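Taken together, the values in this text are just the output of simple stated rules run on the coordinates, not laboratory data. Because the structure is predicted, anything quoted here is derived from the model rather than measured. Backbone-built Cβ (ideal geometry, glycine too); neighbour counts: all protein chains shown.
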Amino acid sequence: DTEVTQTPKHLVMGMTNKKSLKCEQHMGHRAMYWYKQKAKKPPELMFVYSYEKLSINESVPSRFSPECPNSSLLNLHLHALQPEDSALYLCASSRTERPGLNNSPLHFGNGTRLTVT
Amino acid sequence: DAKTTQPNSMESNEEEPVHLPCNHSTISGTDYIHWYRQLPSQGPEYVIHGLTSNVNNRMASLAIAEDRKSSTLILHRATLRDAAVYYCILFAIYNQGGKLIFGQGTELSVKP
């Protein structure tokens, strides 16, 4: 079991649909992250939120829209996706905005497997 | 962002030590070296990290070369549950915070 919970576990959506991915943590962590992982590839960083503010956007297309309503929740809103956006979307959190310093590693959820048809 | 180079795959026998190498010749003085692993159908999990000195924890040991251009993750006695993809990562600090950028990883298989 992981302390970062992602829902849903699986999602199938059409190219004209709007859907959202949800991530929740109750460890009091102040930084949250979205990563995208294609099959047999490493996770790629998409967004970083620090103290509920977007601090890093890795030039992600606007059809992906992140939102951090409070320090425990992170959403990823999806609209007009393409089939090539099919992937495993991973959420992570860390105690501080500098994971790896001050003993603050990333804690990952098990991801949402997204299929765009 | 500085990059890491790892072998694509390695094999080990159960209950034997495993040494997973990583090259990071473009590492900067402030980059931390992190290792995460990803078991099948799970998100990555933290293993260990270090800056200059060798590090030990309950999961593994990290040996860092004196020039910091390479490091080795050591699993002292591999078990079947250690079969996973192991990622060597350089943690870069930016004004906005920090980024963990994953390398390609080494897929470790463990034979009984």
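When only Cα pairs below 8 angstrom with a gap of at least 6 residues are kept, the stretch A:34-102 shows a relative contact order of 33 percent.
A simple packing score, the average count of other Cβ atoms within 10 Å per residue, orders the peptides B:102-109, B:6-13 as B:102-109, B:6-13, with the highest score first. The H on the amide N of A:VAL12, modeled in the peptide plane, is under 5 Å from the matching H of A:THR115, each at least 5 residues off or on a different chain.
When DSSP beta bridges are restricted to pairs lying wholly in the protein assembly as shown, around 90% turn out antiparallel.
Here's the list of aspartates and glutamates a cross-link from A:LYS38 could span, going by alpha-carbon distance under 13 Å and ignoring same-chain residues fewer than 8 apart: A:GLU84, A:ASP85. When peptides B:54-67, B:23-36, A:84-97 are ranked by their average number of other Cβ atoms within 10 Å per residue, the highest-first order is A:84-97, B:23-36, B:54-67. The DSSP beta bridges internal to chain B are antiparallel in roughly 85% of cases. Applying a 4.7 Å Cβ-Cβ cutoff to the protein assembly as shown, the cysteines left without a disulfide-compatible partner are A:CYS68.
Compute the separation of the alpha-carbon centres of the stretch A:10-88 and the stretch B:11-52 and state it in Å as a whole number. The two parts, judged by their Cα centres, are 25 Å apart. Between amide H atoms placed 1.01 Å from N, distances below 5 Å from B:LYS99 occur with B:ALA92, B:TYR94, all of them 5 or more places distant or on a separate chain. Each residue of the stretch A:78-92 was assigned a 3J(HN,Hα) from its phi angle through the Karplus curve 6.51 cos²θ - 1.76 cosθ + 1.60 (θ = phi - 60°); the sequence is 10, 8, 6, 6, 10, x, 6, 7, 4, 4, 8, 9, 10, 10, 9 Hz, with glycine and proline shown as x. Under 5 Å from the amide H of B:GLN104 lie the amide H atoms of B:GLN6, each residue being 5 or more positions distant or on a separate chain, with H modelled from the backbone and absent for Pro and chain starts. In whole percent, what relative contact order does the stretch B:16-87 give with Cα contacts below 8 Å and a gap of six or more residues? For the stretch B:16-87, the relative contact order is 40 percent.
Coupling constants for the stretch B:44-49 follow from the phi torsions by the Karplus curve (6.51 cos²θ - 1.76 cosθ + 1.60, θ = phi - 60°), and in residue order they are x, 10, 5, 10, 6, 8 Hz; glycine and proline get x. Among the listed pairs A:LYS18/B:LYS3; A:LYS41/B:LYS3; A:LYS40/B:LYS111; B:LYS3/B:LYS111; A:LYS19/B:LYS99; A:LYS40/B:LYS99, which are separated by more than 25 Å between their Cα atoms? Over 25 Å Cα-Cα: A:LYS18/B:LYS3; B:LYS3/B:LYS111; A:LYS19/B:LYS99. Sorted ascending by nearby beta carbons within 10 Å, beginning with the fewest, B:LEU51, A:LEU78, B:LEU80 become B:LEU80, B:LEU51, A:LEU78. Mind grabbing the base-10 log of I(q)/I(0) for chain B at q = 0.21 Å⁻¹? Debye formula, identical points on the C-alpha positions, no solvent, two decimal places. Debye output, listed in q order: -1.13.
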